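Written out below as structure tokens is the structure these notes cover.
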């Protein structure tokens, strides 16, 4: 006898088992209940149009689930590029709704697909880091080092910079690090405050020598 082998999701399998159990429970005590194979064969053979549609939904969902859950094994990823001010879960819901509409699946599959996409989707940064983690780490290191050098040069040039210009240079560098996700906003605010405090302390403790002092000398040098 020819054999037919199909793969179904755990939810579909549990649904079939529950339906079979209902048939067994409804079988009169004077009759023998069918075994699962016979029941399933009779269900498939005598399936109505609605049952055929239900099976089609199951096959479609299984195919999508099979693809999504195996993308990373093949070197791919489910990337999410949400529009401005749109949460990733909303993007997942929109994608799920579009697929359900295109494949003419039943409404409950919107939530199932949304949950599937939310679990496996990654944002642009996660995709880039996974693909080029070595380059990404080196780039972050180089950017952080460039910022450290900017702060050091700003501190050395304090004689030629006022507070506003010095703080502006450092805050501009911090803003770039935040936009590149190299530094968190909380850490950025902390570093800006530390630099400002240090700069003002140096400014008070060590008077800056301007061109007038250099030409005419300070009170101390004239003595």
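Filter segment 100-109 for residues that are surrounded by fewer than 17 Cβ atoms within 10 Å (Cβ to Cβ), at pLDDT 90 or above and in contact with a helix residue (DSSP H, G or I) (Cβ under 6 Å, 6 or more places away or on another chain) and give the result.
Selection gives 103 alone.
If I ask for residues that are over 8 Å from the mean Cα position of the chain (by Cα) and surrounded by fewer than 13 Cβ atoms within 10 Å (Cβ to Cβ), which ones from segment 116-126 would you list?
Once the filter is applied, which keeps residues that are over 8 Å from the mean Cα position of the chain (by Cα) and surrounded by fewer than 13 Cβ atoms within 10 Å (Cβ to Cβ), segment 116-126 yields only 119.
Which condition breaks for residue 159 when tested against (1) surrounded by fewer than 13 Cβ atoms within 10 Å (Cβ to Cβ); (2) outside any loop (DSSP other than H, G, I, E, B); (3) modelled with pLDDT of 65 or more?
With respect to (1) surrounded by fewer than 13 Cβ atoms within 10 Å (Cβ to Cβ); (2) outside any loop (DSSP other than H, G, I, E, B); (3) modelled with pLDDT of 65 or more, residue 159 is out only on (3).
The values are calculated or read from the model by the stated rules, or taken from the named source; none is laboratory data. In this text the structure is predicted, and so the values were computed from the model without any measurement. Quick reminder, even Gly has a Cβ in these numbers, built from the backbone with ideal geometry, and neighbours come from all protein chains shown.
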